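To start, the structure under review is shown below, and the notes come after it.
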């Protein structure tokens, strides 16, 4: 049986690249080494409802989706985008960088807003980087060196199941040859999560008080413990002091931070204050931070958009060159204001993840979906274009949560077009409609 | 684009001893040739300055710069040099452009081309991150590119040097260039990157690296000797220890002396020292810090085994990015500035910090002076490359400013007049009246970088060279650069013509075509390493990957898909 | 003296970007010339005449020019951007970035202002008679400094990050300020007459007065006892010690 080795898993930002996939008769029959989530993703087409054919609604939102040709769907998509004054292109995080590059071009040429799923997850991490920088390291460095792991507002046991064995608490590295025995773990979370249950110290803070806790930790590190009250963020001062002592005793600390930091009160201000905590601690100790990214290539979206157009998300091309201001140009910022008059999404499911108010509005405007699977977004889409699954049916580049690019493999043949091909064809059609040939 | 002839230009081609002569330049199929047919397209240069296309042998333009972009959305709106910076909407031909120190990839290609530059060398990439760099390379239009690969804090390198296993060291270096599709060997703060993973540094070339029984000196000598044994086209390219530290002069001199004992495998230096400005400081602190350029220049004037580049500072906002992690952390704390850091497993460190340089601060004024002093005090222009260490000392769009400073004492004195008094006893620049001529400028910006890198088809206009040509709206026989420096600066910023591979890509300062550039890389592995040594290396690497890397060995090497227009250079096997 | 009256003709849903609505641009221009000034509605370039009826009375330089927007413009962004002199009065609400980068003159908003009112202003005065939302007097993404000078007054409430990255000038909020006013401040003075939450996060220096209640206090400020300022007794705190800051936070007792 043909087994493809060292396959890159395209579920989460861990981008594990050691999967062993068995393919028989162009079907994936076994996925070795993957976690539950990765296995389900890799075998997805046999578990989820695939979009089989391009479809369009011919008579408005209330009419049924009808099957059509790729050409017809692509033409319709181009017509919608060209007619729009304030179109938005959203998603593109569970696809290849090569597709994202095309999505940038399409957004430029249609004067669109252009945004990633970071709008509802790790966008604040990018904002924190703008404020304070990103003192980070590669996951292999973390594996080899770190003797203190802090999970802040994330729960890898459930969201990134192999993280701990491959990169963090349980991983054996050059200076941590005994794995778990050589490491300590702190968890910062309002809930006693399954990750927290294994921690050496749990800082169970009140919801939404991350910023306050970082402030206290920085005050301790900078020699001002005396001013702190007896309780901080719902945690006894002594416990916070203990956490600071653990950081000072460690040779190499990694803070992995998740949406518990980025999507709670204070949002990116908490994240950027963690960055300053890292800088403060670095006067005497080695400390870094790494975001626990969800969608496997949301990091790649940020990278591609930044090098192609200058900014990692929330780009507004309406005036021919990107303007960037999350809060003003982010997807939900403009959807909530009902400013958008056309919507295209790919490799993401806003229908499942957006606030109710945004979704209600999406039912009112022309919407285009490019995806391999039917999902809640399909329900309000007027044009539905089936796509090959990147990393399974076509190859391409993805960026791990530590910004390490890895090439995804093609495992099986498909008759579906890739996101890259679909976008290339929409661009060509847009140029035709606008009378802009060439280039 | 088959045939073209450039007539009526005043040509500077120092490699071929052409010094401001009205020679015709013939182009056929992207190359310079001796003759073309009668039907060749005629380009009338109208008495203007003609040079080979510029070669930037040390710039940070792909890879790490992307983190700097994400850190600095505000930079995207800076536009101190209209036409070469800031936001510009898309056109039917051009993609949108943004930025000053950290422009998007398209802007990098357009703006270098407008300056008449056609080849750039990314100065620092780890093998593991090379895939990212190549993605950006592919997105930068027009220019030819190459990459220098970081090896000065690499575990394999340090292990094999510690073991005294020069064969494994050679094999690994050749393999790392193959794996990254890289061109040459870069050494940044040797050993310091490894120590920085523990939050420490080294303070000189004889310090110990924490985890290996080697010193920076051992790393420098080991890599230099292996570099020559592999007969690589470029020498080792070195960023010394103690960058930016007052009193770092002895470290720099020690490094230069250390390399005297290494023999070059071909007609070039055995070491290129980069951004020398940042390494030429006397004193013991910022209070008594002063220029050490005279001592550096004196040594270089008396020795022929090395070349250097300036790392000229440009006043205004800059973005520092380097594999020198501890330096960036120090900068960030000193200026309360934002700070990014990246420790790349087994390979190197790195950091990014935005800074701003001002002529009102004596330290910055002194640093600005040192870069110019070095270039003016070293007699032989073939030892000097013009750089700003883009964008560490300043953004590359300021090259015309820096170049004119070298050509006009008057302009220098105008700037110096605004310096605080505290600067004056720290610098020697006010007493240096040398003004470089066009031939010397051509050497420092074209011919020397090409020779230093071993790029035979670049940096000159002889038959066989790539047809990369820059024509500027300057009449060398009529203009007095010393006085008319502002007009010359403008002309150098917006080429009358830039020709890339025989195609006109800039006309009157505007982009006219967007060919895709080549990527040069060196394959010293295929023929250069015998099979038994390859086997020995691969066995060891597989073991190291299993234990220490976070990526599978089979997924590590840059795939061909990322280098669609490669130029593979295979060194002769000694 | 020149008075330019812009009367809104319609209520756009897509925000209009109209950074040319400034006394500097309008000075000495006729109604036809002003009507022809470009603006943007999404990706479409339009003119001011597409959105407003324009009436001009008199002719003057920027300092002598007064612009009256006679109606509600909650979807017109960037009014008064980078203005250096003159006066703008808006008889209703304005959209984002009103008065951004302003260095002189005055803007009065009789209704509410959306986010980033007075962003990076260096001089002049802005008065908002209603509420403002996020980042009033704040900075641009990635920039070290927000507001550097001038005065920003909001008679109603504001939401989060009032005076973020402030490097100078004066902000007065007569109502409440929600979360983290004065975050990452370097300098300048903020006065909040109502209540607020977590004032002065990572303040390096600068001064914040809170005349109402601090609903939640940062743990990293040092209590320096009471002090009287302009006849009001405050509890004085210094910080933010999380970053060895030397700012002063006065909270009324």
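Just one of the numbered conditions (1) more than 9 Å from chain A (Cβ to nearest Cβ); (2) surrounded by fewer than 24 Cβ atoms within 10 Å (Cβ to Cβ); (3) in contact (Cβ under 8 Å) with a residue 24 or more places away in the chain is not true of residue B:82; which one?
(3)
Please go through the stretch B:318-327 and pick out each residue that is over 17 Å from residue B:203 (Cβ atoms) and out of contact with any helix residue (DSSP H, G or I) (no Cβ under 7 Å at 6 or more places or on another chain).
B:318 - this is the single residue of the stretch B:318-327 that is over 17 Å from residue B:203 (Cβ atoms) and out of contact with any helix residue (DSSP H, G or I) (no Cβ under 7 Å at 6 or more places or on another chain).
Can you tell me which residue among B:150, B:232 is under 21 Å from residue B:450 (Cα atoms), touching a strand residue (DSSP E or B) at 6+ places or on another chain (Cβ under 8 Å) and within 14 Å of another protein chain (Cβ to nearest Cβ)? I'd like the intermediate steps shown before the answer.
Working: B:232 fails: within 14 Å of another protein chain (Cβ to nearest Cβ).
Going through B:150, B:232 in turn, the sole match is B:150.
Failed condition for residue B:243, given (1) without any contact (Cβ under 8 Å) to a residue 60 or more places away in the chain; (2) assigned to a loop (DSSP other than H, G, I, E, B), with all others met?
Failing condition for residue B:243: (1).
Has the stretch A:201-208 got at least one residue that is farther than 16 Å from residue A:248 by Cβ, assigned to a helix (DSSP H, G or I) and in the same structural domain as residue A:158 (by TED's automatic domain parsing)?
So far as the stretch A:201-208 goes, no, none of its residues is farther than 16 Å from residue A:248 by Cβ, assigned to a helix (DSSP H, G or I) and in the same structural domain as residue A:158 (by TED's automatic domain parsing).
With the requirement that a residue be more than 14 Å from every other protein chain (Cβ to nearest Cβ) and either in a loop (DSSP other than H, G, I, E, B) or surrounded by 23 or more Cβ atoms within 10 Å (Cβ to Cβ) (or both), what does the stretch C:171-190 give you? If you could, list the steps in order and put the result at the bottom.
We begin by selecting, within the stretch C:171-190, every residue more than 14 Å from every other protein chain (Cβ to nearest Cβ); these are C:171-177, C:188-190.
Residues satisfying the conditions are C:171, C:173, C:174, C:175, C:176, C:177, C:188, C:190.
Could you grab me the full set of residues in the stretch C:215-232 that are away from chain A (no Cβ under 13 Å), outside any loop (DSSP other than H, G, I, E, B) and within 28 Å of the chain's Cα centre (by Cα)?
Initially, the stretch C:215-232 is screened for residues away from chain A (no Cβ under 13 Å), giving C:225-232.
Keeping just the survivors that are outside any loop (DSSP other than H, G, I, E, B) gives C:225-229, C:232.
Of everything in the stretch C:215-232, those that are away from chain A (no Cβ under 13 Å), outside any loop (DSSP other than H, G, I, E, B) and within 28 Å of the chain's Cα centre (by Cα) turn out to be C:229, C:232.
Quick one: is residue C:200 touching a residue at least 40 places away in the same chain (Cβ under 8 Å), in a loop (DSSP other than H, G, I, E, B) and more than 23 Å from residue A:224 (Cα to Cα)?
Working: touching a residue at least 40 places away in the same chain (Cβ under 8 Å): yes; in a loop (DSSP other than H, G, I, E, B): yes; more than 23 Å from residue A:224 (Cα to Cα): no.
Against the criterion (touching a residue at least 40 places away in the same chain (Cβ under 8 Å), in a loop (DSSP other than H, G, I, E, B) and more than 23 Å from residue A:224 (Cα to Cα)), residue C:200 does not qualify.
Have a look at A:312, A:326 and point out the one that is crowded, with 23+ Cβ neighbours inside 10 Å, outside any helix (DSSP H, G or I) and at the interface with another protein chain (Cβ under 7 Å from one of its Cβ atoms). Break it down stepwise before answering.
On the way: A:326 fails: at the interface with another protein chain (Cβ under 7 Å from one of its Cβ atoms).
None of the others qualify; the one that does is A:312.
Quickly run through the stretch A:56-84 and pick out the residues that are farther than 27 Å from residue A:298 by Cβ and surrounded by 18 or more Cβ atoms within 10 Å (Cβ to Cβ).
Hits for the stretch A:56-84 are A:56, A:57, A:65, A:68, A:75, A:76, A:82.
Listed residues A:254, A:240; which is crowded, with 16+ Cβ neighbours inside 10 Å, touching a strand residue (DSSP E or B) at 6+ places or on another chain (Cβ under 7 Å) and part of a helix (DSSP H, G or I)?
The unique qualifying residue is A:240.
Please work out which residue is farthest from residue A:385 (Cα to Cα), limiting yourself to the stretch A:64-76 and to residues that are in a strand (DSSP E or B) and more than 31 Å from the chain's Cα centre (by Cα).
As a first pass, look at the stretch A:64-76 and keep what is in a strand (DSSP E or B): A:65-67.
Right, trim to more than 31 Å from the chain's Cα centre (by Cα) and you get A:66-67.
Values: A:66: 12, A:67: 10 Å.
My answer is A:66.
Scanning for something under 10 Å from the mean Cα position of the chain (by Cα), buried (at least 19 other Cβ atoms within 10 Å of the Cβ), within 14 Å of chain B (Cβ to nearest Cβ) and at pLDDT 95 or above, does the stretch C:128-137 turn up at least one residue?
Within the stretch C:128-137, none of the residues are under 10 Å from the mean Cα position of the chain (by Cα), buried (at least 19 other Cβ atoms within 10 Å of the Cβ), within 14 Å of chain B (Cβ to nearest Cβ) and at pLDDT 95 or above.
Which residue, of C:146, C:99, is without any contact (Cβ under 8 Å) to a residue 60 or more places away in the chain, within 14 Å of chain B (Cβ to nearest Cβ), in contact with a strand residue (DSSP E or B) (Cβ under 8 Å, 6 or more places away or on another chain) and surrounded by 24 or more Cβ atoms within 10 Å (Cβ to Cβ)?
Numbers: C:99 fails: within 14 Å of chain B (Cβ to nearest Cβ).
So the residue among C:146, C:99 that is without any contact (Cβ under 8 Å) to a residue 60 or more places away in the chain, within 14 Å of chain B (Cβ to nearest Cβ), in contact with a strand residue (DSSP E or B) (Cβ under 8 Å, 6 or more places away or on another chain) and surrounded by 24 or more Cβ atoms within 10 Å (Cβ to Cβ) is C:146.
Within the stretch A:270-298, how many residues turn out to be in a loop (DSSP other than H, G, I, E, B) and more than 20 Å from the chain's Cα centre (by Cα)? Steps first, please.
Kept after step one, since they are in a loop (DSSP other than H, G, I, E, B), are these residues of the stretch A:270-298: A:282-285, A:292-297.
So of that shortlist, the ones also more than 20 Å from the chain's Cα centre (by Cα) come out as A:282-285.
Number satisfying all stated conditions: 4.
Could you look through the stretch A:291-309, keep only residues that are touching a strand residue (DSSP E or B) at 6+ places or on another chain (Cβ under 9 Å) and over 13 Å from residue A:399 (Cβ atoms), and pick out the one that is farthest from the other protein chains (Cβ to nearest Cβ)?
A:292
Within the stretch C:106-119, track down each residue that is in contact with a strand residue (DSSP E or B) (Cβ under 6 Å, 6 or more places away or on another chain) and part of a loop (DSSP other than H, G, I, E, B). Reasoning before the result, please.
Of the residues in the stretch C:106-119, the ones in contact with a strand residue (DSSP E or B) (Cβ under 6 Å, 6 or more places away or on another chain) are C:106-109, C:113, C:117-118.
Correct list: C:117, C:118.
Looking at C:155, C:202, C:228, C:193 in this structure, which one is modelled with pLDDT of 95 or more, surrounded by fewer than 24 Cβ atoms within 10 Å (Cβ to Cβ) and farther than 21 Å from residue C:113 by Cβ?
Within the list C:155, C:202, C:228, C:193, the selection yields C:228.
Quick one: in the stretch B:495-509, which of the residues that are in contact with a helix residue (DSSP H, G or I) (Cβ under 8 Å, 6 or more places away or on another chain) and farther than 15 Å from residue B:44 by Cα is surrounded by the fewest Cβ atoms within 10 Å (Cβ to Cβ)? Working first, answer last.
Step one: filter the stretch B:495-509 for residues in contact with a helix residue (DSSP H, G or I) (Cβ under 8 Å, 6 or more places away or on another chain), giving B:495, B:498, B:500, B:505-506, B:509.
Narrowing further to those that are farther than 15 Å from residue B:44 by Cα: B:500, B:505, B:509.
On the way: B:500: 27, B:505: 26, B:509: 17.
Applying the filter and picking the extreme gives B:509.
Here is a yes/no grid of residues against (1) within 17 Å of the chain's Cα centre (by Cα); (2) assigned to a loop (DSSP other than H, G, I, E, B); (3) within 30 Å of residue A:166 (Cβ to Cβ); (4) within 14 Å of chain C (Cβ to nearest Cβ):
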residue: A:62; (1), (2), (3), (4): no, yes, no, no
residue: A:78; (1), (2), (3), (4): no, no, no, no
residue: A:90; (1), (2), (3), (4): yes, no, no, no
residue: A:99; (1), (2), (3), (4): yes, no, yes, no
residue: A:108; (1), (2), (3), (4): no, no, no, yes
residue: A:111; (1), (2), (3), (4): no, yes, no, yes
residue: A:119; (1), (2), (3), (4): yes, no, yes, no
residue: A:129; (1), (2), (3), (4): yes, no, yes, yes
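Kindly list the number of the only condition in (1) under 24 Å from the mean Cα position of the chain (by Cα); (2) without any contact (Cβ under 8 Å) to a residue 60 or more places away in the chain; (3) closer than 30 Å to residue A:26 by Cα that fails for residue A:140.
Looking at each condition in turn, residue A:140 falls short on (3).
Can you pull out the residues in the stretch B:92-101 that are in contact (Cβ under 8 Å) with a residue 60 or more places away in the chain and facing chain A (nearest Cβ under 8 Å)?
B:93
Which one of these is under 25 Å from residue B:563 (Cβ atoms) and surrounded by fewer than 24 Cβ atoms within 10 Å (Cβ to Cβ): B:122, B:138? Spell out how you get there, then give the answer.
On the way: B:122 fails: surrounded by fewer than 24 Cβ atoms within 10 Å (Cβ to Cβ).
When all the criteria are applied, what remains is B:138.
For every residue, the table says whether it meets (1) under 30 Å from residue B:266 (Cβ atoms); (2) away from chain A (no Cβ under 14 Å).
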{"site": "B:476", "(1), (2)": "no, yes"}
{"site": "B:479", "(1), (2)": "no, yes"}
{"site": "B:483", "(1), (2)": "no, yes"}
{"site": "B:496", "(1), (2)": "no, yes"}
{"site": "B:509", "(1), (2)": "no, yes"}
{"site": "B:520", "(1), (2)": "yes, yes"}
{"site": "B:527", "(1), (2)": "yes, yes"}
{"site": "B:555", "(1), (2)": "no, no"}
{"site": "B:562", "(1), (2)": "yes, no"}
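So if I check each of A:179, A:140, which one is within 13 Å of chain B (Cβ to nearest Cβ) and crowded, with 24+ Cβ neighbours inside 10 Å?
Numbers: A:179 fails: crowded, with 24+ Cβ neighbours inside 10 Å.
Going through A:179, A:140 in turn, the sole match is A:140.
For the structure I just gave you, tell me whether residue A:124 is within 14 Å of chain C (Cβ to nearest Cβ), touching a residue at least 12 places away in the same chain (Cβ under 8 Å), under 30 Å from residue B:329 (Cβ atoms) and within 21 Å of the chain's Cα centre (by Cα). Walk me through it before giving the result.
Values: within 14 Å of chain C (Cβ to nearest Cβ): yes; touching a residue at least 12 places away in the same chain (Cβ under 8 Å): yes; under 30 Å from residue B:329 (Cβ atoms): yes; within 21 Å of the chain's Cα centre (by Cα): yes.
Taking the combined requirement at face value, the residue satisfies it.
The values are calculated or read from the model by the stated rules, or taken from the named source; none is laboratory data. Just so we're clear, the structure is a prediction, and the values are computed from it rather than from any experiment. Glycine gets a Cβ as well: all are built from the backbone with ideal geometry, and neighbour counts include every protein chain shown.
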